[in-house]
1. Using each residue's phi in segment 55-60, evaluate 6.51 cos²θ - 1.76 cosθ + 1.60 at θ = phi - 60° and report the 3J(HN,Hα) Karplus result to the nearest Hz, with x for Gly and Pro.
2. May I ask you to list the residues of segment 37-65 whose amide nitrogen lies under 16 Å from a point 7 Å from Cα along the Cα→beta-carbon direction of residue 23?
3. Starting from the amide H of residue 120, placed 1.01 Å from N in the peptide plane, find each other amide H under 5 Å away whose residue is 5 or more places distant or on another chain.
4. Expressed in nm to one decimal, what extension gain is obtained for the pair residue 38 and residue 112 from 0.36 nm per residue of sequence separation less their Cα-Cα distance?
5. Would you kindly derive the ³J(HN,Hα) couplings of segment 107-115 from the backbone phi angles with the Karplus curve 6.51 cos²θ - 1.76 cosθ + 1.60 (θ = phi - 60°), listing them in order in whole Hz, with x for Gly and Pro?
Amino acid sequence: MSSQGVGGIPFTYAPNNDGYRLLELPSELAAILDSPNAPTLYLETSPTTGLAVLRSPEHIYTLRQRNTSNSIILTQPTDHTVRNRSIDSDDQERDVSASPQKQGITAFATIHESIELIRQASDKPSDKAAAKPAVSMGKWHERFGKTR
């Protein structure tokens, strides 16, 4: 016999088969997108590498897929009909009644990868002198991720 109440938040998983990717924005790009006069950003193909790039008015960012160690679950609020159940003397569950709609949560996608933006070096001569070379931090995905 169950000792728990009937309370709780109804939770369902209903994938919608749409592909989702989370885009991790650098702080300077997030700041200009939050401004009142946010510019238009463009996804293009780089003429030199053939890879996808994101172009803003000031900078160009290379897109790189990154695996996450924890899955991210996208959810939305939904209304659920909750069935009230009781357990009789024979330890059998029986539907007693259906209660009115109750607010719940539905998970509609699970994400295992995100996309990070890496700012490219500028072609301007003044920026080339000030630019520092990229330093590897010794992270696993930087050392071994290129061969995947």
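1. Once rounded to whole Hz, the list reads 10, 10, x, 9, 9, 10.
2. 38-46, 52-65
3. HN-HN under 5 Å from residue 120: 60, 61, 62.
4. This chain segment gains 23.7 nm when fully extended.
5. Running phi through 6.51 cos²θ - 1.76 cosθ + 1.60 with θ = phi - 60° gives 8, 10, 7, 10, 10, 10, 10, 10, 10 Hz.
Only the coordinates and a few stated rules stand behind these numbers; no lab work does. Because the structure is predicted, anything quoted here is derived from the model rather than measured. So basically every Cβ, Gly included, is an ideal-geometry build from the backbone, and we count neighbours across all protein chains shown.
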